[in-house]
Amino acid sequence: MAGDTITKPSDVLCTPSRAARELGLKRGEFDLAVHLGRIRTVPDEGGGGRRVARTEIDRLRSADGFPESLRESVRTVGTTDGAALMEITSARFTRFARLGLVVPVTFYLNRYRAVVWLYLAEELRQFATDKNHTSLLNGRTPEGLRDQLQAGLDLRPRNWRGRHLGFLLRQADDPWERAGALAALLDPVQIAEIVQDPYERSYLNRFRPDPPAQGAPGSPAAHLAERIMTAADPDEIGWLRADLAQVLEEARRHRPAPRPTSAPAGPPPSLSEHQPERSRGVLGWLRRRSA
């Protein structure tokens, strides 16, 4: 009888918005916790995006210090608050960030379309209490580092891309999605050189995640977010291209890209068939990092 059917808690999946409410998180905090691997999600078999299992919510709610400990683990601060937390000046904090000593976890564009980088408070505290960093926190910046800063070094975009790529790869469920994650950091021209078959290129583009939302599509803010997302320096592009080519070989064996039995009349599908064309890259080499 229908009344005798029992749904196991482990079978229940919650939407992100419901999971955020039950965990006492704002939606932005929840999304960041997922990005960082603090909250595990699973794909919805019905195609409705990622979901959170009831067992995962129960695991988090039973942790010591919940909900304050969970909220604190995803608390972010900007330059001013980050400097205060580390008991250094904002200028020194900015130097640390440009040198890649502290790594942004997210960003947003303010009303003037300036990039505001945000950092995990938890990581900044760890940096400040590490005895190996005492001279950096209290002394003069070493000459070699000063030279890099004077030459215009700014590793914030590349380090953010490293963390973001790590998140995209963790969420990928098959080789095509992993290939799409790598392609998300490459200019369409680079992708076209690697994936010369237009139908395969179009299929890959379906799995290519969009940049974080910043303003209306096509707006100056959205274009700036695309530029931050896109690699440009030769060494960054080189390893991304190599990794993409390797993962594509696995993806082709896993599931060939669909194509019509006979080519239709007219030009083949373009790279932008399923999403707007990405702007033509900028900003530094992407180091591999684990979020």
Revision key, fill the gap. The residue that is modelled with the lowest pLDDT, considering only those in segment 153-171 that are surrounded by fewer than 19 Cβ atoms within 10 Å (Cβ to Cβ) and touching a Ser or Thr at 6+ places or on another chain (Cβ under 8 Å), is Q171
**Study point:** Inter-residue pairs, beta-carbon under 6 Å, first under 12 Å from G78 (Cα atoms) and in segment 108-132, second loosely packed, with under 11 Cβ neighbours inside 10 Å, 6+ apart
**Key:** V116/N110
Point to revise | Top-ranked residue in segment 190-203 [being outside any loop (DSSP other than H, G, I, E, B) and acidic (D, E); ranked as nearest to R241 (Cα to Cα)] | key: E193
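If we only count helices (runs of 4 or more DSSP H) wholly inside segment 84-138, which ones have 2 or more residues that are open to solvent by 50 Å² or more (accessible area, probe 1.4 Å) and of a type in the set (S, T, N, Q)? Show your work before the answer.
Values: elements: 90-98, 121-129, 134-138.
Counting at least 2 such residues, we get 121-129, 134-138.
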Exercise for review: Just name the residue that is surrounded by the fewest Cβ atoms within 10 Å (Cβ to Cβ) out of those in segment 40-74 that are more than 19 Å from P209 (Cα to Cα) and of a type in the set (S, T, N, Q).
Suggested key: S62
**Study point:** Residues located in segment 172-189, provided they are assigned to a helix (DSSP H, G or I) and open to solvent by 40 Å² or more (accessible area, probe 1.4 Å)
**Key:** E177, R178, V189
Check your understanding: Is there a residue in segment 221-230 that is out of contact with any Leu (no Cβ under 9 Å at 6 or more places or on another chain), modelled with pLDDT under 95 and open to solvent by 60 Å² or more (accessible area, probe 1.4 Å)?
Key -> yes
Exercise for review: Only residues that are farther than 15 Å from Q126 by Cα and touching a helix residue (DSSP H, G or I) at 6+ places or on another chain (Cβ under 6 Å): list them for segment 78-88, please.
Suggested key: T79, T80
Check your understanding: What number goes with the only condition from (1) among the aliphatic types (A, V, I, L, M); (2) over 16 Å from the mean Cα position of the chain (by Cα); (3) under 22 Å from Q171 (Cα atoms); (4) not in a helix (DSSP H, G or I) that A216 does not pass?
Key -> (3)
Practice item. Output the number of residues of segment 27-65 satisfying the condition of being in contact with a helix residue (DSSP H, G or I) (Cβ under 7 Å, 6 or more places away or on another chain) and free of Cβ contacts under 8 Å to residues at least 40 places away in the same chain. Key: 8
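The values are calculated or read from the model by the stated rules, or taken from the named source; none is laboratory data. A quick note: this is a predicted structure, and the numbers were derived from the prediction, not measured. For neighbour counting, all protein chains shown are included, and Cβ atoms are generated from backbone atoms with ideal geometry for every residue, glycine included. Note: areas computed on protein heavy atoms with side chains; ligands, DNA, RNA excluded. Shrake-Rupley method; radii C 1.70, N 1.55, O 1.52, S 1.80 Å.
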